[in-house]
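Undergrad: Dumping the structure here so I can ask a few things about it.
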Amino acid sequence: GRIIPERRYVEAINRQAYQYEMGDFPTEWEAWIRKKRNDPPTIQEILKNENYREEMKQKIKEVSEKDKLLQAQEYKEGLIAEPVHTRVKGHASAPYYGKKEPSQDPASTASTFQPGSWMPPSSCNSSS
């Protein structure tokens, strides 16, 4: 009275089974193997879906190129601001953001003030 679940597998033709990776065979077959669909795919279905994916890639590429041209035109006409390119100097959570090492001298820039750090005399004169 025990029901044995159906086992689905693919026989490797050109490679050993362990050499296959995700994406090596059509997603329709992967869906069937993983029981996401009841019937195995047909050749016509696989070819139709592959053509559809290629058409979508081409359309996406065309839209992206048109968008870049439109954006460049808007930058040129001054309708939108160019993106600002920033240079990362360190991480904001670092204790000495933007500085190489702590300084004993206080630092002041406009309305901000950074007090100098205290260092024990032994670390400044390491002649012991």
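Undergrad: Just to confirm my filter: which helices (runs of 4 or more DSSP H) fall fully inside the stretch 23-128 and include at least 2 residues that are at pLDDT 70 or above and either over 29 Å from R7 (Cα atoms) or open to solvent by 60 Å² or more (accessible area, probe 1.4 Å) (or both)?
TA: The qualifying helices (runs of 4 or more DSSP H) are 27-33, 43-77.
Undergrad: Determine the pairs where a residue that is at pLDDT 70 or above, located within the stretch 9-22, has a partner that is in a loop (DSSP other than H, G, I, E, B) and open to solvent by less than 100 Å² (accessible area, probe 1.4 Å) with Cβ atoms under 7 Å apart, the partner being 6 or more residues away or on another chain.
TA: So the pair list comes out as V10/F25; Y20/A12.
The values are calculated or read from the model by the stated rules, or taken from the named source; none is laboratory data. Since we're looking at a predicted model, the values are computed, not measured. Every residue, glycine among them, receives a Cβ derived from its backbone with ideal geometry; neighbour counts consider all protein chains shown. Side chains included, ligands, DNA and RNA excluded: accessible areas come from the protein's heavy atoms. Shrake-Rupley method; radii C 1.70, N 1.55, O 1.52, S 1.80 Å.
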